[in-house]
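Only the coordinates and a few stated rules stand behind these numbers; no lab work does. None of the values given here were measured: they were computed from a predicted structure. All Cβ positions, glycine included, derive from the backbone under ideal geometry; neighbour counts span all protein chains shown.
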Amino acid sequence: MNYKRILLKMSGEALAGEAGRGIDFDFTEKVCRGVKQCLDSGIQVGIVVGGGNYWRGAKDGGDRMVRTHADYMGMLATVMNSVALMDTLEKLGAEAVIQTSFDVERVAEPFNPDAALRHMRAGRAVIFAAGSGEPYFTTDTAAVLRALDIRADVLLLGKNVDALYSADPKLVKDAERFSEISYSEVLRRDLKAMDTAATQLAMENHLPLHVFGLRDPENIARAAAGEPIGTIVHE
Ligand code: UDP
């Protein structure tokens, strides 16, 4: 079962590949090929990307800067990643538009959910940049908000691990791997699907989450086609 409309969230670090900073173009291209596969099969695609490969407000600037200023830098970092994604998608022959939560008008359109839906219905990927536009939030929360705004069928969470586990599978050999789990169990066990505020918002609004491994970017099309890879979080 293909989803009709998806919101794909990946961290900024995902685009940095092994280096952990900046952009790994070979890997970014593979991710964008996965996105194009979805578009080519008629799935409507929204994307939220983090900014941690450049800057995280609290971690990188918190004790030296006013938090609000440091978080603006983090949100601007997501705009840089979004430009890289748009550029790469266009090189692959896909159409992509960036919408930002605060105006960066030469680079992106202002966020507008109805205009976003029109773009998506015309086969364009819409990249939602600048997070929620508000300091003290994360791009996980922004991803849930945008998924709800565009009435996505699912929020796809591309991660470094291939699924949710009861403990870090690198540290705990017999950690339990979940193929399905409820929001309340994710919160109770403090599993790292998203931060707590984002998971709670998804739960309150019945937004299904699908966690999968982004190391193999072909998983994007698999998850979007509803294949049971990774972990599904729902009621
Ligand atoms: N950020 C913010 N509000 C938002 C989203 C992001 O202030 O709605 C800032 C915050 O400083 C955060 C940074 O942008 O640390 C990068 O986002 P995030 O940490 O979510 O990126 P990721 O870890 O997914 O790469």
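Each part gets one Cα centre, and for region 173-207 versus region 59-103 those centres are 26 Å apart.
Taking the Cα centre of the chain as origin and charging only Cβ (+1 Lys, Arg; -1 Asp, Glu), how large is the dipole, in debye to the nearest 20? Walk me through the numbers on the way to the answer.
Values: 27 positive and 33 negative charges, 26 e Å.
The calculated dipole for the chain is roughly 120 debye.
Taking the charge dipole of region 53-116 about its Cα centre, with +1 at Lys and Arg Cβ atoms and -1 at Asp and Glu Cβ atoms, the residue from GLY57, ALA77, GLY93 reaching farthest to the positive side is GLY57. A straight Cα-to-Cα reach below 22 Å connects LYS59 with the lysines LYS9, LYS159, LYS192, residues fewer than 8 places away in its own chain not being considered.
Here the dipole of region 87-191 is about 180 debye; that uses its Cα centre as origin and unit charges on the Cβ of Lys and Arg (positive) and Asp and Glu (negative).
Please state the shape class of the chain: rounded when a/c is under 1.5, otherwise prolate if a/b exceeds b/c and oblate if not, all from the C-alpha gyration tensor. Because its axes are fairly even, with a/c under 1.5, the chain counts as rounded.
Straight Cα distances below 18 angstrom link LYS173 to the aspartates and glutamates ASP162, with same-chain residues fewer than 8 positions distant left out.
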